[in-house]
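Have a look at the structure below before the remarks.
The values are calculated or read from the model by the stated rules, or taken from the named source; none is laboratory data. Bear in mind the structure is a predicted one, so any value in this text is a computation, not a measurement. Every residue, glycine among them, receives a Cβ derived from its backbone with ideal geometry; neighbour counts consider all protein chains shown.
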Amino acid sequence: MEAEAIRQTFKGLFKNIEGENHEKFAARTAFCLLADQGLVPEIGYYRDALKEAETAEAAFNALNLMFVHVWDVLHLPLFSGTCEMPDLSKAVSEMNSIFGMDWTDESPVVLGTAVECAMKRDERRKKGAFYTGEEDIMLILNPLLLDDLEKERCGIISDVSAEDRKARLDVLIGKLSVMSFLDPACGCGAFLVKAYEEMRTMESVCVQAMLQQGIPSRIRMKNFHGIELMETAAQTAEAALVLAKRRMDRKLLTHSVDSGRADIRNENALKVEWPAVRFILGNPPFGGNCTTGSGAKEDMRRIFNGKKGVLDFSACWYELASQEIAKKPDTIAAFLSTSSVCQGEQVYLLWKRILDRNQEILFAYRPFNWKSDAAVNCVIVGFGTKDPNRPKYLYDLDG
């Protein structure tokens, strides 16, 4: 399904569900839609029951039993304990319809869409909980690393003799296997899910070019890190990456011997040490200076050493990412944020600090209208240690 069709499907469900605090219910439900029999044996039995449920009580009971079953099989924190269950009396037909749809090929990014649709608009704006679609995530991943990896792969295929090709491709796969990622405001894990899927896809293409089959994936979940303040979102991110691994195993007709899980921390990213990684990416919470709460302002004063001036809340993530690059010069960071972070007083207050650390902008997108309910203009900026030999790119989505 198209992303907007999925969004409207979940909006239709929660339009008929009264009350609030249904994010965990939404995430659990979306997980169960995407999980297959190979990941959760017998889950089809519960989905069939929900597809045919005639009363709210029947739907309620089937959901509860399904959630307990998933916990028994996978022990995911998202399914630990009970969650507030909504009144389904006005939503039975919507539940029948959703569980009657084919979700086999959908990306785990869907979990974030479900959680967003379960939240009221005012609450989403207060928390900055507007999740990023796959198209926008690719705007970051392509110039951040995928373009260079594809160029390297094509160079090996076209320029290297058949005798050397296998060895060179194996080196490239080895490079993929140690690439590490951090989203320090990971929400429901969309950026990490997409990064993992793209790493698996690139690895598979290389293996095919080596004319080999049945080679286990060397991409490891331990290289995917996320930090998220909201507990349900953090739990959803971990669950989404479990789904991503299973989905890629099925899609690529291969398997991974990796039994580990991604490193997702339910913490305030502005108060904890970040893991050292190769790539930092994401969509930090947006909020202009005038909409930032007292707790956030305290974080900002600490991070910017009490320096006075007008800064968006997302500037904290840029500053901390810059500090990480200073400690590990081969790290590259890229964020999607409101365009104001590159305008007015913030150019001096934020970007002078970054540039003074021997860092530079590696690629950027001119302001564009972000296709989300946030209704804001955004920019994407990628930055890292100065490198006169690296080409710099400026993109304009309006042509």
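Residue by residue, here is whether (1) in the same structural domain as G189 (by TED's automatic domain parsing); (2) part of a loop (DSSP other than H, G, I, E, B); (3) of a type in the set (F, W, Y); (4) more than 29 Å from D249 (Cα to Cα) holds:
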| residue | (1), (2), (3), (4) |
| --- | --- |
| F25 | no, no, yes, no |
| V40 | no, yes, no, no |
| Y45 | no, no, yes, no |
| N61 | no, no, no, yes |
| V73 | no, no, no, no |
| S89 | no, yes, no, yes |
| E94 | no, no, no, yes |
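Say whether the condition of being in a helix (DSSP H, G or I), over 19 Å from the mean Cα position of the chain (by Cα) and among the polar types (S, T, N, Q) is met by at least one residue in the stretch 146-158. Checking the stretch 146-158: at least one residue is in a helix (DSSP H, G or I), over 19 Å from the mean Cα position of the chain (by Cα) and among the polar types (S, T, N, Q). For the stretch 96-111, taking the residues that are of a type in the set (A, V, I, L, M, F, W, C) and not in a helix (DSSP H, G or I), the one that is nearest to T132 (Cα to Cα) is identified as V109. In the set (1) in contact (Cβ under 8 Å) with a residue 24 or more places away in the chain; (2) within 17 Å of C32 (Cβ to Cβ); (3) surrounded by 20 or more Cβ atoms within 10 Å (Cβ to Cβ), the condition left unmet by E116 is number (2). Quickly run through the stretch 309-323 and pick out the residues that are part of a helix (DSSP H, G or I) and within 20 Å of the chain's Cα centre (by Cα). Those that are part of a helix (DSSP H, G or I) and within 20 Å of the chain's Cα centre (by Cα): A315, C316, W317, Y318, L320, A321. Applying the set (1) under 24 Å from G133 (Cβ atoms); (2) without any contact (Cβ under 8 Å) to a residue 12 or more places away in the chain to R246 leaves exactly one unmet item: (2). Of the set (1) crowded, with 21+ Cβ neighbours inside 10 Å; (2) in contact (Cβ under 8 Å) with a residue 40 or more places away in the chain; (3) of a type in the set (S, T, N, Q), all apply to S314 but (2).
Name the residue that is surrounded by the fewest Cβ atoms within 10 Å (Cβ to Cβ), counting only residues in the stretch 1-29 that are of a type in the set (S, T, N, Q) and modelled with pLDDT of 80 or more. So, considering only residues that are of a type in the set (S, T, N, Q) and modelled with pLDDT of 80 or more, the one surrounded by the fewest Cβ atoms within 10 Å (Cβ to Cβ) is Q8.
I'd like to check something: does the stretch 46-68 contain any residue that is touching a residue at least 24 places away in the same chain (Cβ under 8 Å), more than 15 Å from F99 (Cβ to Cβ) and either surrounded by 13 or more Cβ atoms within 10 Å (Cβ to Cβ) or touching a Lys or Arg at 6+ places or on another chain (Cβ under 7 Å) (or both)? Scanning the stretch 46-68 turns up no residue that is touching a residue at least 24 places away in the same chain (Cβ under 8 Å), more than 15 Å from F99 (Cβ to Cβ) and either surrounded by 13 or more Cβ atoms within 10 Å (Cβ to Cβ) or touching a Lys or Arg at 6+ places or on another chain (Cβ under 7 Å) (or both).
Residues in the stretch 212-228 that are surrounded by 19 or more Cβ atoms within 10 Å (Cβ to Cβ) and either touching a strand residue (DSSP E or B) at 6+ places or on another chain (Cβ under 6 Å) or of a type in the set (A, V, I, L, M) (or both): S217, I219, M221, F224, H225, G226, I227.
Would you mind stating whether Y393 is over 23 Å from the mean Cα position of the chain (by Cα) and touching a residue at least 40 places away in the same chain (Cβ under 8 Å)?
The answer is yes for Y393.
Only one entry of L65, L13, L33 meets the criterion of being in contact with an Asp or Glu (Cβ under 7 Å, 6 or more places away or on another chain) and hydrophobic (A, V, I, L, M, F, W, C), and that entry is L13. Restricted to strands (runs of 3 or more DSSP E) entirely inside the stretch 174-277, no element has at least 3 residues that are among the β-branched types (V, I, T) and assigned by TED's automatic domain parsing to the domain that holds A326. Answer yes if at least one residue in the stretch 363-380 is more than 23 Å from the chain's Cα centre (by Cα) and acidic (D, E), and no otherwise. No, the stretch 363-380 has no match at all.
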